[in-house]
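Notes to accompany the following structure.
The values are calculated or read from the model by the stated rules, or taken from the named source; none is laboratory data. All of these numbers come straight from a predicted model, not from anything done at the bench. Positions of Cβ are generated from backbone atoms using ideal geometry, with glycine treated the same way; all protein chains shown enter the neighbour counts. Side chains included, ligands, DNA and RNA excluded: accessible areas come from the protein's heavy atoms. Shrake-Rupley method; radii C 1.70, N 1.55, O 1.52, S 1.80 Å.
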Amino acid sequence: MSAEHVARYLELADEYPRRAEGESVLLDHVPRDARRILDLGAGDGRLLAMLRIDRPQMHGVALDLSELMLEAARERFAGDERIELVRHDLAEPLPAIGRFDAVVSSMAIHHLEHERKRSLYGEIFDVLEPGGVFANFEHVASPTHRLHLAFYAAIGEPLEHEDPSDRLLDVESQLAWLREAGFDDVDCYWKWLEMALLIGVKPAQVGQGPTSEP
Ligand SMILES: C[S@@+](CC[C@H](N)C(=O)[O-])C[C@H]1O[C@@H](n2cnc3c(N)ncnc32)[C@H](O)[C@@H]1O
């Protein structure tokens, strides 16, 4: 993201219609007793700030590439030792930062090339503790150009403001890749136009295989 897109995003972050609704579903699916939570492409720490409200014991790791975003997160979390900031490019394999009870992400992974999204899902599986949850609140591709235009109209942004670093991908491919990585209970838990919440749970006993029965 360019500096201009970072500034514009931070200005608009609270203005996306229905965003709070999707985020509240995400918050419902991250256990209250999750101790270690990793946020990929954490930006200014919006999601970790929401998560820490009901999780006083949590230790959060905010990972992002952008120094501008990390500076905003540093300001937000000043004096809070529960939140650690890590500068890292998600195009590269995840750094060795331990294991997590939950990995979350919001409107970030869509900046990666599709093959990197796929390999990242495998790495997320590996850093999760058994029973851990991955919740990705994501900007996904519309199935048609008409719906793409409808999304931009609905958020009140002209199409010319579209971020050229976006690599939008449909929901179905991403759900398939989560299953391929080994996640269970994979589904789209919430969706509105191009905003979707994709969740998968690492089986409590790896090798247990996904549950297919109702
Ligand atoms: C639209 S912002 C979302 C920020 C935050 N998660 C939120 O929901 O407000 C996308 C974020 O992804 C980060 N990002 C984009 N590409 C990245 C990469 N290759 N590695 C790490 N972070 C990246 C950007 O710096 C930015 O903070």
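Within 15 Å of the ligand (Cβ to nearest atom) and within 15 Å of the chain's Cα centre (by Cα): is that true of L120 in this structure? It would help to see each step written out before you state the result.
Details: within 15 Å of the ligand (Cβ to nearest atom): yes; within 15 Å of the chain's Cα centre (by Cα): yes.
Against the criterion (within 15 Å of the ligand (Cβ to nearest atom) and within 15 Å of the chain's Cα centre (by Cα)), L120 qualifies.
Considering every residue within the range 133-146, establish whether at least one is of a type in the set (A, V, I, L, M, F, W, C), farther than 30 Å from E75 by Cα and open to solvent by 20 Å² or more (accessible area, probe 1.4 Å). Yes, there is a match, as at least one residue in the range 133-146 is of a type in the set (A, V, I, L, M, F, W, C), farther than 30 Å from E75 by Cα and open to solvent by 20 Å² or more (accessible area, probe 1.4 Å). Please verify whether the range 169-180 includes one or more residues that are within 16 Å of the ligand (Cβ to nearest atom) and assigned to a loop (DSSP other than H, G, I, E, B). Taking every residue of the range 169-180 in turn, at least one turns out to be within 16 Å of the ligand (Cβ to nearest atom) and assigned to a loop (DSSP other than H, G, I, E, B). Screening the range 46-128 for strands (runs of 3 or more DSSP E) wholly inside it with 3 or more residues that are open to solvent by 20 Å² or more (accessible area, probe 1.4 Å) returns the ranges 83-87.
Every test in (1) touching a residue at least 24 places away in the same chain (Cβ under 8 Å); (2) within 15 Å of the ligand (Cβ to nearest atom); (3) part of a helix (DSSP H, G or I) is passed by E157 save one, and that test is (3). Scanning the range 30-45 for residues that are within 16 Å of the ligand (Cβ to nearest atom) and outside any loop (DSSP other than H, G, I, E, B) returns I37, L38, D39, L40. With respect to (1) within 15 Å of I124 (Cβ to Cβ); (2) buried (at least 17 other Cβ atoms within 10 Å of the Cβ), the lone exception for R179 is condition (2). Could you list, in sequence order, all residues of the range 24-45 that are open to solvent by 40 Å² or more (accessible area, probe 1.4 Å) and either over 23 Å from W192 (Cα atoms) or out of contact with any Asp or Glu (no Cβ under 8 Å at 6 or more places or on another chain) (or both)? The answer is S24, D28, H29, P31, R32, D33, R35, R36.
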